[in-house]
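**Student:** Quick one: the structure is below, and I'll ask about it shortly.
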Amino acid sequence: MTNRTALTPKTLTANGSIVNMLNDGTNFTATDATNGMSVSIPTTGIPAGGSIDRMILLVLNTNGTGRTVTVRGATSDGGLTKTGAGTASASMTYPSFEGGKGDLTTSAMTATTGLGIIGPFEVARFMEPDGTVSIDFSGATGFVAALLLPRVV
C-alpha cells in the first residue's frame with residue numbers, strides 16, 4: 001500500500017470566514033478513494049490551536065451514486081491494516097485509548113450533490129499514534145475540506 005494523501009486543515013480565526021466553498025471544488029481538495037486521506041493535527045502553539053475535538057470535515061460527493069465517508073478509529077499500526085495506508089510511528093506504538101470503539105461511517109450522501117458535514121471528533125477515539133486522523137471514501141469522487149475551529153475566549 002502507498003501512503004495516505006495528506007489533507008491540510010484550514011484553520012479558521014475568531015470572527016473570520018472562508019468563503020466560496022463551491023460545488024465545483026473551489027477551496028476543497030479532491031478525495032483520494034484509492035489511498036485514503038490523512039489530516040495532520042498541529043499540536044504546538046500558545047494558545048493551543050484546534051485539535052480534532054474542534055475539527056469539522058466538509059465532504060462534497062460528485063459521484064453519480066450515493067457514497068459514504070469513514071473516519072478510522074485509531075490503531076497501534078497507524079491504520080496500516082485498514083483501507084488505505086497509515087504511517088505508523090516506531091516511537092509511538094499505542095493508539096488512543098478509545099480507538100477500540102471503531103470507525104465512524106456516514107450514511108450515503110446524495111448522488112452528485114451530496115454535502116456531508118462530519119465532526120467534531122473524539123480525540124481518544126480517532127487520533128492515530130502519529131498525530132493524524134485517517135479518512136476513507138467508498139469509491140467516492142468529490143472533494144473534502146478539513147476545518148479547525150478556533151478556541152474563542
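The values are calculated or read from the model by the stated rules, or taken from the named source; none is laboratory data. As the structure is a prediction and not an experimental result, all values here were calculated from the model. Calculation scope for accessible area: heavy atoms of the full protein, side chains included, ligands and nucleic acids excluded. Shrake-Rupley method; radii C 1.70, N 1.55, O 1.52, S 1.80 Å.
**Student:** For Leu12, what accessible surface area do you get with a 1.4 Å probe? Give it in Å², rounded to 10.
**Tutor:** Roughly 40 Å² of Leu12 is accessible to a 1.4 Å probe.
**Student:** For Gly142, list long-range residues whose amide hydrogen, built 1.01 Å from N in the peptide plane, is under 5 Å from its own amide hydrogen.
**Tutor:** Result for Gly142 returns Thr31, Thr62.
**Student:** How long is the gain from Ala111 to Asn15 if the chain were fully straight, where each residue apart is worth 0.36 nm and the alpha carbon distance is subtracted?
**Tutor:** 31.2 nm
**Student:** Would you please give the residues with an amide H less than 5 Å from that of Lys10, counting only those at least 5 places away or on a separate chain, with H modeled from the backbone geometry?
**Tutor:** Ala146, Leu147, Leu148
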